[in-house]
């Protein structure tokens, strides 16, 4: 599995770009169904879920808390830390095919395989997608190569970068 230290390509995403891409995802989803709820895959799915909920007027947002990366950005075992509230899956006003499952990225698809086992009929949407994970996503905005490491805006801070020519400071 690639990580930020071994990826040959880096793709930094600003807050502004992530908001635009999340809103574009909402536009794509607007005509695909009559959505009753969103399940955000935490943590990365929280921000796009909030944007999509606002844009599509979806008032019910649930989370499934999944851990798949170690602190050193290496893929580890998939752990479900918090399951989906059973009411979402059993109440009449929440049909499984009217539920959106939102994440920031599908990488290898391992996390989404676990989530899809929990809600098999949900519509899976991600802002970014890598080729290995495409089989587990229904709608996405931008595909990036498998060897690309995405730096999301919550992973970075603005900082000074000196110019190429040091006398330009």
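The values are calculated or read from the model by the stated rules, or taken from the named source; none is laboratory data. What you see is a predicted model, and the numbers here were worked out from it, not measured in a lab. Here the Cβ positions follow ideal geometry from the backbone for every residue, glycine too, while neighbour counts run over all protein chains shown.
So the values come out like this:
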| read-out | value |
| --- | --- |
| Residues within segment 143-169 that are within 28 Å of residue 88 (Cβ to Cβ) and surrounded by 15 or more Cβ atoms within 10 Å (Cβ to Cβ), tallied | 1 |
| Test for residue 134: is it outside any loop (DSSP other than H, G, I, E, B), out of contact with any helix residue (DSSP H, G or I) (no Cβ under 6 Å at 6 or more places or on another chain) and buried (at least 23 other Cβ atoms within 10 Å of the Cβ) | no |
| Those residues of segment 106-125 which are crowded, with 21+ Cβ neighbours inside 10 Å, touching a helix residue (DSSP H, G or I) at 6+ places or on another chain (Cβ under 8 Å) and not in a loop (DSSP other than H, G, I, E, B), in sequence order | 106, 112, 124, 125 |
| Segment 33-60, residues that are part of a loop (DSSP other than H, G, I, E, B) and surrounded by 24 or more Cβ atoms within 10 Å (Cβ to Cβ) | 45 |
| Residue in segment 80-89 that is over 24 Å from residue 130 (Cα atoms), modelled with pLDDT under 90 and surrounded by fewer than 15 Cβ atoms within 10 Å (Cβ to Cβ) present | yes |
| Flag for residue 122 being farther than 21 Å from residue 13 by Cα, in contact (Cβ under 8 Å) with a residue 40 or more places away in the chain and more than 13 Å from the chain's Cα centre (by Cα) | yes |
| Lone unmet requirement of (1) modelled with pLDDT of 90 or more; (2) touching a helix residue (DSSP H, G or I) at 6+ places or on another chain (Cβ under 6 Å) for residue 155 | (2) |
| Extreme residue, modelled with the lowest pLDDT, among residues of segment 90-105 that are more than 11 Å from the chain's Cα centre (by Cα) and part of a strand (DSSP E or B) | 99 |
| Filter pass, residue 29 being more than 13 Å from the chain's Cα centre (by Cα) and either in a loop (DSSP other than H, G, I, E, B) or at pLDDT below 95 (or both) | no |
